[in-house]
2 protein chains.
Amino acid sequence: MYIGAIDIGGTKTIAAVTDETGALLARRKFETIRYDHAAHFALCRNELLACLDELGLSLSQLAGVGVVVPGMVDGNVLLLAPFAGWRNVNVVEEFSVLLPDAPMVVTEGDVNACGVAEAYFGGFTDLLWMTVSTGVGSAIILNGQLYTGAHSVAGEIGHIKVEFEHPRVCSCGQHGCAEAMASGRGIAAMVEEAVKTDDAYAALYETAGLPMDARGCEALARKGDSTSRAIYERAGMYLGRALSAALNLLDPQRVFVGGGVAAALDLILPAIRATLRESCVPFVQDTLIERTRLGYDASVKGAAALVLKQLSP
Amino acid sequence: MYIGAIDIGGTKTIAAVTDETGALLARRKFETIRYDHAAHFALCRNELLACLDELGLSLSQLAGVGVVVPGMVDGNVLLLAPFAGWRNVNVVEEFSVLLPDAPMVVTEGDVNACGVAEAYFGGFTDLLWMTVSTGVGSAIILNGQLYTGAHSVAGEIGHIKVEFEHPRVCSCGQHGCAEAMASGRGIAAMVEEAVKTDDAYAALYETAGLPMDARGCEALARKGDSTSRAIYERAGMYLGRALSAALNLLDPQRVFVGGGVAAALDLILPAIRATLRESCVPFVQDTLIERTRLGYDASVKGAAALVLKQLSP
């Protein structure tokens, strides 16, 4: 079986053709045209057709096309993609016009699509997917189905409050959200604060030629620097607070973590686990938490999984 | 249609026969025999038969019997009823032996059963039921189904941490849980603290002949006493913190509140709403929160709803 998979990101987009296991048979990566969604969708079609050409396939041989978008989706419609200001775009309708020979077009937000892929390819019926990147979000799979809520906003784990006494302002305008405290930006903010009051710490970044952000901090933590390790532990504690609320409520089989900060999961997991031990009811405090099995192309596999899920009973 | 409904509580039990709307056609209330679950189950059978006698009905005319128990249920088995120490009791099997002519026996924990009843009788597919009583718990109805999680412990909203700086110890052994801070006991603990440092406040209770607990505090709050109102507002803030995590994650259609403290929902709702406004993403912060429509007999109607739900597609 062949599936068309398009992952539209804030800066880059990937078009691919996968098989029914999610393996990428052809893959093309290109810049996202932010200022004009229609122009970008047309480019996505061309790149998908180029993938098909590479494989000697035609559109009608695809089981369907999944389109993952970086924003909030309700049914067929992208309500808002904050990075580009796209609003109320009927993704399914527009791609159906662009790809009239495709048997099916489906769409979903990137975080939800990753959750669907992890459940579908991993054989889980109840899982929590958590993206920790510039933002923090989650997807909830219950009884084998993506759960999206009454207003399609379920899974907003990143806006659970985790710091009441010394909150940082969040991108949502509120204070002390997990996203404000423990995303890549939250880690960078902790680095910035530490650097301000500790010249020796600032010098570490300069000497090593590292950026004063989450990646630089990760590199120093891996070299054993205690301030950097403490910053990651603090991020872990905050993520643990948000996760403990989710585990107490949802009791999933497993938690998968993706996004840029997931690469540093080993640095934050001990603090997450310590927080869960003091914040969760028995049974759920030992819920397994692991890094995504989908790798770097999680969202593209998510696009494929949307089609596969639609075809499965 | 006739349904047998048994609600076993920590101190009292109700046996009833209802119709398909949950209306109680016959109802008998009696003490719970705590020291011996088998003796109590036999008593429940006798009281249910007495209800049937009143109506001139026989067991086989019932569509089924629902049994609600005050504890944690997994499938047919009551894993633990903390109040009495009952453990690993196969409720369905034991009642099926006691009531061989009943076409069906089903069981569930009291909080979950109330959630099922509120959804079934109210026509909701996605709701959060919250019990605020001696403890704090919740039931999650998603896509029309009760969601119980991988270990049957989903819905533990009462053990979401809501106070990190000045936490009180919880019945679960941890600190700062919503149950420790905002249950009937949590409110009583706030009263106790206030009374210790404020003789005039203690005198208010003595003069009015009110107990220094949640009910006494409610009575004073209704007379306009500012300390008592502040205690209920604080409880509302804590419940709002736990609820905001649940709403961000689940985005339900509506929240229903039951349990003893629900009678004072008007005193805590303004603080809950204020907390939701500063702790929830848009769309969910205005989710309707209302007192249960099931009234005092919520759990008995829950027992009936378990049977009706089983019979519906």
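The values are calculated or read from the model by the stated rules, or taken from the named source; none is laboratory data. Note that the coordinates shown come from a computational prediction; the quantities given were computed from them, not determined experimentally. Cβ atoms come from the backbone with ideal geometry, glycine included; neighbour counts cover every protein chain shown. When the accessible area is computed, the model is the full protein with side chains, heavy atoms only, and any ligands, DNA or RNA have been set aside. Shrake-Rupley method; radii C 1.70, N 1.55, O 1.52, S 1.80 Å.
What is the helix-to-structure angle for A:265-279, meaning the angle in degrees between its Cα long axis and the longest Cα principal axis of chain A, kept from 0 to 90 and rounded to the nearest 10?
70
Go ahead and estimate [θ] at 222 nm for the protein assembly as shown from helices alone: -39,500 (n - 2.57) per DSSP H run with n ≥ 4, summed, over the residue count, rounded to 500.
-13500 deg cm²/dmol
Pop the C-beta distance of residue B:223 and residue B:192 into the FRET formula with R0 = 22 Å and round what comes out to the nearest 0.05.
0.65
Residue by residue through A:171-178, how many Cβ atoms from other chains fall within 10 Å of the Cβ on average?
If you average over the peptide's residues, the count of other-chain Cβ atoms is 3.
As I understand it, the value is the acute angle between the Cα axis of helix B:226-250 and the longest principal axis of the Cα atoms of chain B; what does it come to in degrees, rounded to 10?
60
Taking beta carbons within 10 Å but only from partner chains, what does the mean come to for residues A:127-135?
Across A:127-135, the average partner-chain Cβ count within 10 Å equals 0.
Specify the inter-centroid distance of segment A:1-77 and segment B:47-92, based on alpha-carbon positions, in whole Å.
55
Using a simple spin-label model with points 7 Å from Cα along the Cα→Cβ vector, what separation in nm is obtained for residue A:312 and residue B:230?
Result: 5.6 nm between the two label points.
I need to check one value: relative contact order of chain A, counting alpha carbon pairs closer than 8 Å and at least 6 residues apart, in percent.
19
For segment B:225-263, state which residues have at least 30 Å² less accessible area in the presence of all protein chains than in their chain by itself, taking the probe as 1.4 Å and leaving out ligands, DNA and RNA.
Residues shielded by partner chains are B:241, B:245, B:248, B:249, B:250, B:251.
For the peptides A:44-56, B:176-188, B:290-302, B:136-148, what is the packing order when you average, over each peptide's residues, the other Cβ atoms within 10 Å and list the highest mean first?
Answer by packing, highest mean first, reads B:176-188, B:136-148, B:290-302, A:44-56.
Over chain A, average the accessible area per residue using a 1.4 Å probe and give it in Å², no decimals.
I get 39 Å² per residue for this part.
What are the ³J(HN,Hα) couplings of segment A:38-47, residue after residue, when phi is run through the Karplus curve with 6.51, -1.76, 1.60 and θ = phi - 60°? Round to Hz, x for glycine and proline.
Working through the residues one at a time gives 5, 4, 5, 4, 5, 5, 4, 4, 4, 5 Hz.
Along segment A:50-67, what does the Karplus equation 6.51 cos²θ - 1.76 cosθ + 1.60 (θ = phi - 60°) give for ³J(HN,Hα), rounded to whole Hz, x for Gly and Pro?
5, 4, 4, 4, 3, 9, x, 10, 10, 3, 5, 7, 7, 6, x, 10, x, 10
How would you rank A:8-15, B:194-201, highest first, on the average number of other Cβ atoms within 10 Å across their residues?
A:8-15, B:194-201
Any idea how far the Cα center of segment A:104-149 sits from the one of segment A:155-195, in Å?
Between the Cα centres of segment A:104-149 and segment A:155-195 lies a distance of 23 Å.
Plugging the Kirkwood radius over Cα pairs into Stokes-Einstein for the protein assembly as shown, at a temperature of 25 °C and a viscosity of 0.890 mPa s, what D comes out in µm²/s?
D = 93 µm²/s.
Return a whole-number percent for the relative contact order of segment B:164-313, with Cα pairs under 8 Å and 6 or more residues apart as the contact set.
It rounds to 19 percent for segment B:164-313.
Report the calculated FRET efficiency for residue B:55 and residue B:293 (r = Cβ-Cβ distance, R0 = 35 Å), to the nearest 0.05.
It comes out at approximately 0.90.
Distances from residue A:293 to the same position in the other copies: list them in nm, one decimal, shortest first, using label points 7 Å from Cα along Cα→Cβ.
Distances to the matching label points in the other copies: 4.4 nm.
So how far apart, in nm, are the two label points at residue B:25 and residue A:166 if each is 7 Å from Cα heading toward Cβ?
It works out to 6.5 nm between the two label points.
Give me the summed buried accessible area for the A-B pair, 1.4 Å probe, to the nearest 100 Å².
Interface area, both chains combined: 3300 Å², rounded to the nearest 100.
Taking the alpha-carbon distance from residue B:29 and a cut-off under 15 Å, which aspartates and glutamates remain once sequence neighbours fewer than 8 residues away in the same chain are dropped?
B:7, B:47, B:54, B:297
How well do other chains shield peptide A:142-155, expressed as the mean number of their Cβ atoms within 10 Å of each residue Cβ?
6
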